[in-house]
Amino acid sequence: MKVGVLGLQGDFREHLQTLQSLEVEARDVRTIDQLNETQGLIIPGGESTTISLLMERTGLMDALQKKAREGFPVYGTCAGMILVAKEVTNYRKSYLSLIDISVRRNAYGRQVDSFEADLNIKSVGLFRAVFIRAPQIERVGAKVEILAEHNSLPVMARQKNILVSSFHPELTGDTRIHEYFINMIKKEA
């Protein structure tokens, strides 16, 4: 199994290191050919507008959208969650529209408002999460499963082959959420 991490912008190196620590073959994905060599993709945190522009330039936006709609597993963290959401309430457009959620960009504040919180994550357990300029899930569709909440608001969710989190699990040293995603990929295979 080869897991890809979108390497156009953002904290993709940390995801690659986490996957490698789990002895999973991990690949930096920047082209359609590289995407096609993987069985699942993580879209990291970063700047969602920049990532989307680079995805459009490389053709990855359309290629990933097509693959994901056919069951290809995708995990979006922070900016990655914004990219896969059906709706971005405080921005003029949505991007991949792969999961039936509405999100608000930077809802938890600026960089100086970053924080950590203990979350009880379904199928994972207690997890210390890192929130940095995090988006907030404001609405979930009927087919979306909420996996974790913070202050009664969803911060991690799943719809079939699409997993999202408002926070950055790659910054914690705790690999359980990456393991959860790897298990999703194995079940799709």
Legend entry - Condition met for Ser97 (polar (S, T, N, Q), in contact with a strand residue (DSSP E or B) (Cβ under 8 Å, 6 or more places away or on another chain), surrounded by 14 or more Cβ atoms within 10 Å (Cβ to Cβ) and in a loop (DSSP other than H, G, I, E, B)): yes
Legend entry - Close pairs (8 angstrom Cβ cut-off, 6 or more residues apart or separate chains): at pLDDT below 95 in region 26-46, hydroxyl-bearing (Ser, Thr, Tyr) and not in a loop (DSSP other than H, G, I, E, B) anywhere: Gly45/Thr77
Inset, instruction - Tell me, please, whether a residue that is part of a helix (DSSP H, G or I), closer than 14 Å to Ile162 by Cα and out of contact with any strand residue (DSSP E or B) (no Cβ under 7 Å at 6 or more places or on another chain) can be found in region 67-75. - result: yes
Legend entry - Filter result (under 15 Å from Gly76 (Cα atoms) and modelled with pLDDT of 95 or more) within region 171-189: Ile177, His178, Glu179, Tyr180, Phe181, Ile182, Met184, Ile185
Inset, instruction - Test each condition in (1) outside any loop (DSSP other than H, G, I, E, B); (2) modelled with pLDDT under 95; (3) under 14 Å from the mean Cα position of the chain (by Cα) for Glu116 and report the one that comes out false. - result: (3)
Legend entry - strands (runs of 3 or more DSSP E) (entirely within region 120-189) containing at least 1 residues that are within 24 Å of Gly4 (Cα to Cα) and in contact with a helix residue (DSSP H, G or I) (Cβ under 7 Å, 6 or more places away or on another chain): 125-131, 162-165
Legend entry - Complete set of residues in region 2-23 that are under 20 Å from Asn161 (Cβ atoms) and surrounded by fewer than 18 Cβ atoms within 10 Å (Cβ to Cβ): Lys2, Leu22
Legend entry - Verdict on Glu145 being of a type in the set (Asp, Glu), on the phi < 0 side of the Ramachandran plot and in contact (Cβ under 8 Å) with a residue 24 or more places away in the chain: no
Legend entry - Whichever residue in region 100-138 is crowded, with 19+ Cβ neighbours inside 10 Å and of a type in the set (Phe, Trp, Tyr) and, among such residues, is farthest from Gly45 (Cα to Cα): Phe127
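The values are calculated or read from the model by the stated rules, or taken from the named source; none is laboratory data. All of these numbers come straight from a predicted model, not from anything done at the bench. Cβ coordinates were reconstructed from backbone atoms using ideal geometry, including for glycine residues, and neighbour counts include every protein chain displayed.
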